[in-house]
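The next block holds one structure in the form of structure tokens; read it before the comments.
Each reported figure results from applying straightforward, stated rules to the coordinates on display, with no laboratory input. Computed from a predicted structure; not experimentally measured. Virtual Cβ from ideal backbone geometry, glycine too; neighbours counted across all protein chains shown.
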Amino acid sequence: MARNKGSKPQAMKERAARTAAAVAPSSALATGAAPKKRVGLLQFLREVRAEGRKITWTTPRETWITSVFVGIMVVVAALFLQLVDLILGWSLSFILNFANGG
């Protein structure tokens, strides 16, 4: 059985290395990459403050509207579950009374 051109182990390793280089992110290609530099407490706090400024906070009106909506949905869900509980309770008692010959 004849081997195909490029089926030698060295050629296969080279193809595998080229494929891995094409698929891997560019930061992973650097061999011996230094670990991330640690920052001091002051620099960390500056970065936290800068990220905090990027946050879009809700207005008090939006918070109030959302809270009212959540309250309404809780009441609706509670009423629905109460209704389902009543229907299932009546159904079960009817079935049990019917089964007991009552």
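Side notes on the structure shown:
- Estimated distance in nm for a label pair at LEU45 and TRP57, the labels positioned 7 Å out from Cα along Cα-to-Cβ: 2.0
- Using θ = phi - 60° and Karplus 6.51 cos²θ - 1.76 cosθ + 1.60, couplings along the range 80-88 (whole Hz; Gly, Pro as x): 4, 5, 5, 5, 4, 5, 5, 5, 5
- Student exercise, the range 32-102 dipole from Lys, Arg, Asp, Glu Cβ charges, in Debye to nearest 20: 880
- Here the label points at LEU81 and LYS37, each 7 Å from Cα along the C-beta direction, are separated by 5.4 nm in the simple model.
- Pairwise FRET efficiency - ILE95 versus MET73, Cβ, R0 = 30 Å, nearest 0.05: 0.40
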